Amino acid sequence: MNLLGGLVDGNGVVAMSSHAPQTTVVVVAETSATHLELERLDGVRLKDLTTLRIGGAPRAVWRAHSASELAHAVSLLDAAREPLLILGGGSNLVVADGDLDLTVVIAGNDDIEMRPDGLVRAGAGAVWDDVVAAAVDAGLSGIETLSGIPGSAGATPVQNVGAYGAEVGDVLTRVHLYNRKTGETEWVPASDLELAYRYSNLKFTGRAVVLEIELQLTPAELSIPLRHLGGKQLPLKEAREEILRVRAAKGMVLDPDDHDTWSAGSFFTNPVVAPELADEIARIVEAERPGEGETMPRYPQADGKVKLSAAWLIERAGFHRGFPDDNAPARLSTKHTLALTNRSGAVADDVVKLARTVRDGVRERFDVELVSEPVWIGLSMD
């Protein structure tokens, strides 16, 4: 039963309608006067809503236009024990094909608020790059190196999005959450999220839904240090343009006409390994490719371990850009080996097969287990 396909009457009883209109009003319980106007999107497949362009047809797709609508929609579906996918920009998903036994609620609350002191609030459904662009235009520094990252603002704290030496966690102050266990909404300090490299305690748990985020940026003329330029600082707008240029060169800025950008972004996280293993990998590569092992990218961590470049490992394990060949429906990007791309005709199984091949090849070559970054819906690599 699709709970949002009808009306909840004053006694909290579901009265299903036989023909769901484009916009349906849901009245939440007799104790609340709240009316939720949720837009129903008919005939939509998840391949239409994800940047990888794969995914089947859910039972229903709804768009919530405010934080309260989003929270109430989730509460109704949870109460009915309906399988649920909350969708932002669809940039970090690998979804099964065919008919999907779930309901999709799109976070459509896309408001962005900027204050002169640098405090920024954004709705979960705000396009992340719009948030970055607005901050740069307002003369606020702190997230310009995160320009061009696809997806929504609400997704950024979940996996602590980062690039070029900066992370959302560097400037995140609070998140407005709907707690799916208690049914309450609350502002939670960033310190409670256990933020780490591409991780928060919200990731993969489904315990809460991000409704809004709050950032503290810094009024400034210059950017934060740009790691790929050796720490150089640029005027904010120039820094944003530089990051967009670099990302576009790697196929990491979404372009509907460029299949090299039909991806889920960076597919694998950069592995963190023991220094002894890092040294061994460098020796293996140096023996085969003199000079490359000595210059292997490696980033010491506070706990003594070493973070390596997943893209570098993938290429040295024998997976070239464009792998496997020009005829494959799913390939590594021709610009950047960390992106798995849909060449317009791929289905979910094609992406899974490619991801598994790359993961297993790196493990066999270097004894490093690459961990996928996207969220998997209805399928897995195993």
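Values for this structure:
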quantity	calculated
Selection count, region 270-304, where residues are in a loop (DSSP other than H, G, I, E, B), crowded, with 16+ Cβ neighbours inside 10 Å and under 29 Å from the mean Cα position of the chain (by Cα)	3
Single unsatisfied condition, Leu254 versus (1) assigned to a loop (DSSP other than H, G, I, E, B); (2) surrounded by 15 or more Cβ atoms within 10 Å (Cβ to Cβ); (3) without any contact (Cβ under 8 Å) to a residue 60 or more places away in the chain	(3)
Filter pass, Val132 being touching a residue at least 12 places away in the same chain (Cβ under 8 Å), β-branched (Val, Ile, Thr), within 21 Å of Glu238 (Cα to Cα) and not in a strand (DSSP E or B)	yes
Cross-chain or 6+ apart pairs with Cβ under 7 Å, region 49-77 first and more than 30 Å from Leu340 (Cα to Cα), then part of a strand (DSSP E or B) and among the polar types (S, T, N, Q)	Ala71/Thr185; Leu77/Thr103
Leu85 vs. criteria under 30 Å from Ala57 (Cβ atoms), in contact (Cβ under 8 Å) with a residue 60 or more places away in the chain, within 14 Å of the chain's Cα centre (by Cα) and in a strand (DSSP E or B)	yes
Failed criterion for Val358 (all others in (1) surrounded by 22 or more Cβ atoms within 10 Å (Cβ to Cβ); (2) in a loop (DSSP other than H, G, I, E, B); (3) touching a strand residue (DSSP E or B) at 6+ places or on another chain (Cβ under 9 Å) hold)	(2)
Residue count for region 143-180, restricted to those that are more than 17 Å from Met252 (Cβ to Cβ), in a helix (DSSP H, G or I) and more than 14 Å from the chain's Cα centre (by Cα)	2
Scope region 52-71; condition outside any strand (DSSP E or B), buried (at least 21 other Cβ atoms within 10 Å of the Cβ) and either out of contact with any Phe, Trp or Tyr (no Cβ under 6 Å at 6 or more places or on another chain) or not assigned by TED's automatic domain parsing to the domain that holds Arg40 (or both); matching residues	Leu52, Ile54, Gly55, Ala67, Glu69, Leu70
Qualifying positions in region 190-243 - part of a loop (DSSP other than H, G, I, E, B) and of a type in the set (Phe, Trp, Tyr)	Tyr197, Phe204
Qualifying residue in region 188-205 (condition: within 29 Å of Asp255 (Cβ to Cβ), over 15 Å from the mean Cα position of the chain (by Cα) and at pLDDT 95 or above)	no
Single residue of region 343-355 satisfying the filter (touching a Phe, Trp or Tyr at 6+ places or on another chain (Cβ under 8 Å) and at pLDDT below 95) that is surrounded by the most Cβ atoms within 10 Å (Cβ to Cβ)	Arg343
Test set (1) closer than 20 Å to Thr50 by Cβ; (2) modelled with pLDDT of 95 or more - Thr218 fails condition number	(1)
Long-range neighbours under 8 Å by Cβ, at least six apart or interchain, first residue within 14 Å of Gly265 (Cα to Cα) and in contact (Cβ under 8 Å) with a residue 40 or more places away in the chain within region 322-338, second outside any loop (DSSP other than H, G, I, E, B) and charged (D, E, K, R)	Ser333/Asp260; Thr334/Asp260; Lys335/Asp260
Flag if Gly183 is part of a loop (DSSP other than H, G, I, E, B), surrounded by fewer than 21 Cβ atoms within 10 Å (Cβ to Cβ), small (Gly, Ala, Ser) and touching a Ser or Thr at 6+ places or on another chain (Cβ under 7 Å)	yes
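The values are calculated or read from the model by the stated rules, or taken from the named source; none is laboratory data. In this text, all values refer to a predicted model and were calculated from it rather than measured experimentally. Neighbour counts run over all protein chains shown; Cβ positions are idealised from the backbone, glycine included.
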